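Report on one structure; see the data block that follows.
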Amino acid sequence: MEVLIASQAGFCFGVTRALELALAAREPPIYTLGPLVHNPLVINQLKERGIHPVSSVEEIREGSLLIRTHGVPPAIIEEAREKNLRVIDATCPLVKKIHGIVRNLREEGYRVAVIGHSRHPEVQGILGYSGEGSIVIEKEEEAAALPFQKKLGIVVQTTELTENFHKIAIRLLERAEECRIFNTICFATQERQRAALELAMIVDLMIIVGGKNSSNTRKLLEISQETGTTTYLVESAEELERGWFSGKKKIGLTGGASTPDEAIHRVKRMVESFGNTGL
Ligand code: F3S
């Protein structure tokens, strides 16, 4: 059995930077609003170093608040400062760039539309900068139903599928007199999606390694499944089932932007060990 890893897989530069900032912060307790990365293995390692996820600033009495790669609305940073918490900003620079774009659009009188998932923390953070009246568009039908706008400024969640972005942006273009569109899908996401697609097309089975609640990991799953190749999403090697590999010759592996290389390589070793036992 041959096991191939996608040419682009695992940690992106934004996640690597956030982890470096977290590990460099020497004075625990350090808190993050939600997990720093969507990967249970990494979260456990961080907990051992005094870095804990919480669900709101209210839960923190002292110490530091580390802002995740997804970013947060400015009101959260103000709330933390009012409580005298030290703020360590690990917002991915690509997400920060979106904050700047929507702030400018708002100042120039555009209604902002964010293509993405309304409950995703990155989108929530962007809405904190784009101001009242901003809208989130998840599906083509929602775009088509939007009342006609005078000035519409469009950005997209960094992990959105390129194809969805194109379909929705074209619909929105028809719903405004003047429209500015910014392709804010991050290059790391695009590279991982392209590499997953290329690999899924040449293998018998795909395994995606990553957190089940990670947006970019789930997008890789979707892309792979759409090629018709059987695909499984696992958080760790322990979730693999021998039966999946029966009769398969070529296996493809990839991991989301918050999946450590080690997790991908552990899965590879496990899959190879199934092959060695004659499956
Ligand atoms: Fe940043 Fe893209 Fe990673 S937005 S956190 S480089 S997936």
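The values are calculated or read from the model by the stated rules, or taken from the named source; none is laboratory data. Quick caveat: nothing in here was measured; it's all calculated off a predicted structure. Neighbour counts run over all protein chains shown; Cβ positions are idealised from the backbone, glycine included. What goes into the accessible areas is simple: the full protein's heavy atoms, side chains included, and nothing from ligands, DNA or RNA. Shrake-Rupley method; radii C 1.70, N 1.55, O 1.52, S 1.80 Å.
Of the residues Ala75, Ala22, the single one that is open to solvent by 40 Å² or more (accessible area, probe 1.4 Å) and either modelled with pLDDT of 90 or more or outside the structural domain of Val123 (by TED's automatic domain parsing) (or both) is Ala75.
Working only within the stretch 36-52, note down all residues that are touching a Leu at 6+ places or on another chain (Cβ under 9 Å), open to solvent by 40 Å² or more (accessible area, probe 1.4 Å) and of a type outside the set (D, E, K, R). Passing the criteria: only His52. Cys179 meets each of the listed conditions (1) in contact with a strand residue (DSSP E or B) (Cβ under 8 Å, 6 or more places away or on another chain); (2) free of Cβ contacts under 8 Å to residues at least 60 places away in the same chain; (3) farther than 26 Å from Val95 by Cβ apart from (3).
Here Ile264, Ile208 are screened, and the one residue that is in contact with a helix residue (DSSP H, G or I) (Cβ under 9 Å, 6 or more places away or on another chain) and open to solvent by less than 40 Å² (accessible area, probe 1.4 Å) is Ile208. Reported count of residues in the stretch 53-72, each being out of contact with any helix residue (DSSP H, G or I) (no Cβ under 9 Å at 6 or more places or on another chain), of a type outside the set (Ser, Thr, Tyr) and open to solvent by 50 Å² or more (accessible area, probe 1.4 Å), is 3. Of all the numbered requirements in (1) free of Cβ contacts under 8 Å to residues at least 60 places away in the same chain; (2) in a helix (DSSP H, G or I); (3) of a type outside the set (S, T, N, Q), Ile223 misses one, and that requirement is (1). Go through the residues of the stretch 133-150 one by one and say whether even a single one is open to solvent by 60 Å² or more (accessible area, probe 1.4 Å) and within 16 Å of the ligand (Cβ to nearest atom). No - not one qualifying residue is present in the stretch 133-150. Being within 30 Å of His99 (Cα to Cα) and at pLDDT 95 or above narrows it down to one residue among Thr231, Thr227, Thr184, Thr189; which is it? Just a single option satisfies the conditions, and that option is Thr184. Restricting attention to the stretch 247-261 and to residues that are in a loop (DSSP other than H, G, I, E, B), closer than 18 Å to Phe274 by Cβ and not small (Gly, Ala, Ser), the residue that is farthest from the ligand (Cβ to nearest atom) turns out to be Lys249. Would you confirm, using the coordinates I've provided, whether Ile170 is without any contact (Cβ under 8 Å) to a residue 24 or more places away in the chain and outside any strand (DSSP E or B)? Spelling it out, Ile170 is indeed without any contact (Cβ under 8 Å) to a residue 24 or more places away in the chain and outside any strand (DSSP E or B). Just to be sure before I move on: is Gly128 open to solvent by 10 Å² or more (accessible area, probe 1.4 Å) and not charged (D, E, K, R) in the structure I sent? Against the criterion (open to solvent by 10 Å² or more (accessible area, probe 1.4 Å) and not charged (D, E, K, R)), Gly128 qualifies. Among the residues of the stretch 185-213, which ones are under 13 Å from Glu226 (Cα atoms) and more than 15 Å from the ligand (Cβ to nearest atom)? Those that are under 13 Å from Glu226 (Cα atoms) and more than 15 Å from the ligand (Cβ to nearest atom): Leu197, Glu198, Leu199, Ala200, Met201, Leu205, Met206. Screening the candidates Pro73, Pro35, Pro28, Pro40 for the property of being over 21 Å from Leu127 (Cα atoms) and within 20 Å of the chain's Cα centre (by Cα) yields one hit, Pro40. Here Tyr110 meets the list (1) under 29 Å from Asn164 (Cβ atoms); (2) touching a residue at least 60 places away in the same chain (Cβ under 8 Å); (3) not assigned by TED's automatic domain parsing to the domain that holds Glu178 almost entirely, failing just condition (3). Ile202 meets the conditions (1) over 25 Å from the mean Cα position of the chain (by Cα); (2) more than 16 Å from Ala9 (Cβ to Cβ); (3) among the aliphatic types (A, V, I, L, M); (4) modelled with pLDDT of 95 or more in every case but one. The failed one is (2).
Only one of the numbered conditions (1) outside any strand (DSSP E or B); (2) open to solvent by 60 Å² or more (accessible area, probe 1.4 Å); (3) more than 14 Å from the ligand (Cβ to nearest atom) is not met by Trp244, and that is (2).
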